[in-house]
Amino acid sequence: MANILLVEDNTDLAYGLRNNLEIDGHLVDTVESGEDALARVRARAPDLIVLDLMLPNLDGYQVLRRLRADGYEMPVLILTARTEEADKVLGFRLGADDYVTKPFGVLELLARVSALLRRATRT
């Protein structure tokens, strides 16, 4: 059972994702802003972060940049409506481990989460 931090400002989407991740056996904390995400990670680092890019005030890129600058190495899966190649490349350059665009298949997302967690426990 992994602790997952879900950073998503769309409450309906966050609710559905949280339910699916919990059904898959994970403990899930949800926050709606970049500032809350950073505070939650500093209070208790999760095993994995699912991170939206388009957040109020502090966007997902800024969150990712700060996390990596502060030495946090947990896997980060970006989940966003941004589909441009430049957005994906920037996400990976800033330290994302995976990038999924909306709309997405729930089963695929769960498989990607499992793969990231599996790789993280090997190291």
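The values are calculated or read from the model by the stated rules, or taken from the named source; none is laboratory data. Keep in mind that what you see is a predicted model, and the values were worked out from it rather than measured. Note that each Cβ is placed from the backbone with ideal geometry, even for glycine, and that neighbours are counted across all protein chains shown. The protein model used for the area step is the full one, side chains on, heavy atoms only, and it has no ligands, DNA or RNA in it. Shrake-Rupley method; radii C 1.70, N 1.55, O 1.52, S 1.80 Å.
For the chain, the relative contact order comes to 23 percent (Cα pairs under 8 Å, sequence separation of at least 6).
In the range 80-123, the portion of solvent-accessible area held by carbon and sulfur atoms comes to 52 percent [1.4 Å probe, whole percent, DNA, RNA and ligands not counted].
Within the shell of other residues whose beta carbon sits under 12 angstrom from the beta carbon of residue 61, the net charge comes to +3, with Lys and Arg scored +1 and Asp and Glu -1.
Would you mind working out the accessible area per residue for the range 1-50, using a 1.4 Å probe, and quoting it in Å²? Let's see the in-between values first.
On the way: 2500 Å² over 50 residues.
Per-residue accessible area for the range 1-50 comes out at 50 Å².
For the range 19-123, trypsin sites (Lys or Arg not before Pro) are listed when DSSP marks them as loop and at most 10 other Cβ atoms sit within 10 Å of their Cβ; the list is 44.
Give the carbon-plus-sulfur fraction of the accessible surface of the range 32-79 in %, rounded to a whole number; probe 1.4 Å, heavy atoms of protein chains only. Ligands and nucleic acids excluded, carbon and sulfur give 44 percent.
Kirkwood analysis of the Cα pair distances in the range 16-61 returns a hydrodynamic radius of 11.4 Å. Annotation for the range 23-39 versus the range 77-123: alpha-carbon center distance of 16 Å.
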